[in-house]
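For reference, the structure discussed in these notes is given below.
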Amino acid sequence: MRNLLVLVSCLAAACASSRPIVAAHQPTDDTGHLEAAADQRGESYQCGDTVMSDQSTSGGQRLVQAVPCWDTREESTARHEEAAAREEQLASAERREAAGMAEAELAACRGLSKHDREHSPLAHRRAIAEVIPHREAGKVRGVRVVLKPVPGLTATWMRKAIGCHRARFERLGEPATYLSDDPTLVAGATATVELRRGHVEVMIEAADEVGGAVAVARARELVSPRTARK
């Protein structure tokens, strides 16, 4: 009987020692480890919606795949490079436009003397015979400048001179300070030249009443008594 009890005890001890140890499965947060490792390396990662990934579980198992962790420094560099490329494209377009405008000015001014390129063709005040306001529907919309007969002065030459200064005016951005006494250089205005009864006439038509008034004021200033004595 005693031997039987010893045998039962030994069998019980053997069974207890051979019982497998089962550990509960605990999901690991790879995202946290990646972010921590990235911080140690001086990298910057963005791991998406980690909260949603951690909360979407069933029976201890994730229902949503773990989100990837992208290097935000790489994305930031790419954005900066794209922005720099866009700025370079704009700058290149502006340079081409400026070069085109400069070429247009050179073409418009080709054949004119240095003096004529530096002064308005209407700066010869004593050559102006008459200034006539131009009206449309009773409103002042510009002015007609009639010149006296001058040896060598033709409608073609006047068109050339006006076109030269207009091209330069536009290349500079139409500043009010450029030949500010020239009625043909009112922003938005157009100038046409004709030969009538032996006189070269310059018709200046503005885009609105304000521009028309400015053109008239400039033209009248050219023939005012104060400037006639110069």
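See the values below:
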item: Criterion: at pLDDT 95 or above, in contact with a Gly (Cβ under 6 Å, 6 or more places away or on another chain) and of a type in the set (Asp, Glu) - qualifying residue of Glu201, Glu205; result: Glu205
item: Within segment 129-143, tally of residues that are farther than 17 Å from Ala207 by Cβ, out of contact with any helix residue (DSSP H, G or I) (no Cβ under 6 Å at 6 or more places or on another chain) and either in a strand (DSSP E or B) or acidic (Asp, Glu) (or both); result: 3
item: Enumeration of residues in segment 195-207 that are within 19 Å of Arg166 (Cβ to Cβ) and free of Cβ contacts under 8 Å to residues at least 24 places away in the same chain; result: Ala207
item: Every residue from segment 136-150 that is within 41 Å of the chain's Cα centre (by Cα) and either touching a residue at least 24 places away in the same chain (Cβ under 8 Å) or under 20 Å from Leu222 (Cα atoms) (or both); result: Lys139, Val140, Arg141, Gly142, Val143, Arg144, Val145
item: Residues (of a type in the set (Ser, Thr, Tyr) and in a loop (DSSP other than H, G, I, E, B)) located in segment 172-230; result: Thr177, Tyr178, Ser180, Ser224
item: Residue count for segment 151-170, restricted to those that are touching a residue at least 60 places away in the same chain (Cβ under 8 Å) and surrounded by 17 or more Cβ atoms within 10 Å (Cβ to Cβ); result: 2
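Residues checked against (1) among the basic types (Lys, Arg); (2) surrounded by 11 or more Cβ atoms within 10 Å (Cβ to Cβ); (3) at pLDDT below 80; (4) part of a helix (DSSP H, G or I):
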| position | (1), (2), (3), (4) |
| --- | --- |
| Leu90 | no, no, yes, yes |
| Arg96 | yes, no, yes, yes |
| Glu105 | no, yes, no, yes |
| Arg126 | yes, yes, no, yes |
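The values are calculated or read from the model by the stated rules, or taken from the named source; none is laboratory data. Note that the structure is predicted; figures quoted are calculated from it, not measured. Every residue, glycine among them, receives a Cβ derived from its backbone with ideal geometry; neighbour counts consider all protein chains shown.
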